[in-house]
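The values are calculated or read from the model by the stated rules, or taken from the named source; none is laboratory data. These numbers come from a predicted model, not from an experiment. Positions of Cβ are backbone-derived with ideal geometry, glycine not excepted, and every protein chain shown enters the neighbour counts.
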Amino acid sequence: MTEQGPRARVVRCEGLRKRYGDRVAVDGVGFAIAEGETYGLLGPNGAGKTTTISMLCGLLHPDEGTIEVGGSPMTTGRCEAKAHLGLVPQDIALYPDLTAKENLSFFGKLQGLDRGELRTRVAEVLELVGLADRAGDRIEGFSGGMKRRCNIAAALLHRPSLLVLDEPTVGVDPQSRAAILDGIDDLRREGMAVLYTTHYMEEAERLCDRIGIIDEGRLVAEGTQPELVAAVGQHPIVRLAAEGDLTTFAGLAADAPQVVRAAASDGRVEVSVLDPTRALAPLIESAEAEGLRISGVEVVQPDLESVFLHLTGKALRD
């Protein structure tokens, strides 16, 4: 495999395109993921995430572009690249009338694990996802979170170098959600590459080393969270809840050092600043000098949600 910095590159996509009739679902998408890296692919509904993942996993043939996983070209008809990845789809892919152990044994045989290795790996992955004590129970009796965790176990049986998780925490209880996120962190630290999609921005902020934002089939931005924030020119905001002539004060504040812009609305003034630690005290002093009666002060740091809204004009769940 080629190298990306000090870590080997596990997956590389370039120029992926897919059309459905006159509609372009994916238009020139490309990214790479290295060992031990969690890459978040975020986008509103209909942005092209599922189509991109389907092509990456060899379930759908791209009209244009190339995909490599584990150094092997990914196609719909070949198994070499598919052997390097484990897929956890949005929908539960388990047999409800079989036990957890029986499900994993079945999927392990499909992956070509021999009897001895299969027995060992089933026990290991059940322990990893916290279901060792439920190995003999049928899936139909599991909670939603337990089913998700067992689905992840099935994807890990053959020790893939890339784990693809497509919204793995949808509909799960808080305890199972925390267990899933902790498990993904552990896998990344052990060197596994992870492709992660989610509709929960806090998950992306916690888990992802780099993030790609896809909208209307195009990858509109990519980078770490600080890089994305800097790229779209987002700044911290000082919010002053106050009574008085807020419009006049906002005009004065806009010309102050460290201030990028200021606006008054709904009983408060929002001031975008370069550095809140340097701007806060002068703003409060100026507001009091103008006769404003301040009832609250809040500093809001730019986050991934604000970047996403700026780039797509939509919330992540739209």
Name the one entry in Leu252, Leu228 that is of a type outside the set (Gly, Ala, Ser) and buried (at least 19 other Cβ atoms within 10 Å of the Cβ). Leu228
What's the number of the only condition in (1) more than 30 Å from Glu68 (Cβ to Cβ); (2) loosely packed, with under 14 Cβ neighbours inside 10 Å; (3) touching a Gly at 6+ places or on another chain (Cβ under 9 Å) that Arg189 fails to meet? (1)
Among the residues that make up the stretch 243-254, is at least one of them within 37 Å of the chain's Cα centre (by Cα) and in a strand (DSSP E or B)? no
Within the bounds of the stretch 93-107, is there any residue that is surrounded by 16 or more Cβ atoms within 10 Å (Cβ to Cβ), closer than 24 Å to Lys49 by Cβ and not charged (D, E, K, R)? yes
Assess whether Glu285 counts as being surrounded by fewer than 14 Cβ atoms within 10 Å (Cβ to Cβ) and either touching a Lys or Arg at 6+ places or on another chain (Cβ under 6 Å) or in the same structural domain as His199 (by TED's automatic domain parsing) (or both). no
Helices (runs of 4 or more DSSP H) completely within the stretch 81-184 that count 3 or more residues being under 22 Å from Ile33 (Cα atoms) and modelled with pLDDT of 95 or more: 144-156
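Residues checked against (1) within 27 Å of Tyr200 (Cα to Cα); (2) among the hydroxyl-bearing types (Ser, Thr, Tyr); (3) assigned by TED's automatic domain parsing to the domain that holds Leu126:
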| site | (1), (2), (3) |
| --- | --- |
| Val29 | yes, no, yes |
| Thr38 | yes, yes, yes |
| Gly43 | yes, no, yes |
| Ala47 | yes, no, yes |
| Cys57 | yes, no, yes |
| Met74 | no, no, yes |
| Ala81 | no, no, yes |
| Ile92 | yes, no, yes |
| Tyr95 | no, yes, yes |
Qualifying residues in the stretch 59-72 (those that are without any contact (Cβ under 8 Å) to a residue 60 or more places away in the chain and touching a helix residue (DSSP H, G or I) at 6+ places or on another chain (Cβ under 9 Å)) - the one nearest to Arg206 (Cα to Cα): Ile67
Filter the stretch 12-65 for residues that are assigned to a loop (DSSP other than H, G, I, E, B) and among the hydrophobic types (A, V, I, L, M, F, W, C); which is surrounded by the fewest Cβ atoms within 10 Å (Cβ to Cβ)? Leu59
Could you tell me how many of the residues in the stretch 235-246 are on the phi < 0 side of the Ramachandran plot and surrounded by fewer than 18 Cβ atoms within 10 Å (Cβ to Cβ)? 4
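Working only within the stretch 174-184, note down all residues that are surrounded by 13 or more Cβ atoms within 10 Å (Cβ to Cβ) and either touching a residue at least 24 places away in the same chain (Cβ under 8 Å) or touching a helix residue (DSSP H, G or I) at 6+ places or on another chain (Cβ under 7 Å) (or both). Give the steps one after another, and end with the answer.
At the first step, the residues of the stretch 174-184 found to be surrounded by 13 or more Cβ atoms within 10 Å (Cβ to Cβ) are 176-181, 183-184.
The answer is Ser176, Arg177, Ala179, Ile180, Leu181, Gly183, Ile184.
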So which residues in the stretch 66-80 are hydroxyl-bearing (Ser, Thr, Tyr) and either surrounded by 16 or more Cβ atoms within 10 Å (Cβ to Cβ) or at pLDDT below 95 (or both)? Ser72, Thr75, Thr76
